[in-house]
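Notes for the one structure printed next.
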Amino acid sequence: MSRSGYSDDCDYLELYRSAVWRAITGARGQAFLRELIAALDAMPEKRLIAGELIRDGEVCAIGSVGLARGMDMTRIDYENPRSVGRAFGVARSMAAEIEFENDGDHLWDNETAEARWRRMRAWAVRNLNETPE
């Protein structure tokens with residue numbers, strides 16, 4: 001199990017994927033994706049960590065939004081997608097999906113922090129209903 005809460009147990013997978021799709025394509029999810037892209041673009045060093053929101057000043061994708069908002073992320077239980085979703089104002093399923101995409105869950109074990117930044121920005125852009133300016 002990862003911080004996304006995903007596991008190899010695929011019970012109700014179709015229903016869950018629908019929840020993720022609705023969260024990402026809804027107005028709140030789209031607004032968050034635009035904010036995420038802006039936060040990623042504003043980072044002085046285009047690098048993302050995995051496994052935590054913030055560590056030694058470096059952040060994951062969701063953490064970049066927290067940094068841009070000036071949030072105290074030390075009190076957020078980053079291993080609980082419901083807690084992350086609540087703190088950032090997105091659905092639990094969207095928080096879990098972003099955490100899963102960011103961390104890679106063994107898919108990108110040798111990925112650099114810079115490559116993770118590029119991949120996550122591209123993921124956010126792909127999931128927008130319109131292209132960002």
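The values are calculated or read from the model by the stated rules, or taken from the named source; none is laboratory data. Keep in mind that this is a model prediction, so the values were computed, not measured. Cβ: placed from backbone, ideal geometry, glycine included. Neighbour counts: every protein chain shown. Heavy atoms of the whole protein, side chains included, go into the accessibility calculation; ligands, DNA and RNA do not. Shrake-Rupley method; radii C 1.70, N 1.55, O 1.52, S 1.80 Å.
Length gained on full extension, Arg75 to Ala38: 10.9 nm, using 0.36 nm per residue less the C-alpha separation. Distance between the 7 Å Cα→Cβ label points at Arg86 and Glu52: 2.2 nm.
Is the shape of the range 35-114 rounded, prolate or oblate, going by the alpha carbon gyration tensor and its root eigenvalues a ≥ b ≥ c, with a/c under 1.5 for rounded and a/b larger than b/c for prolate? Oblate, because a/c is 1.5 or more while a/b does not exceed b/c.
Peptide packing: for 47-56, 86-95, the average count of neighbouring Cβ atoms within 10 Å per residue gives the ranking 86-95, 47-56, highest mean first. A 1.4 Å probe over all protein chains sorts Thr74, Thr112, Thr25 by accessible area into Thr74, Thr112, Thr25, starting with the largest.
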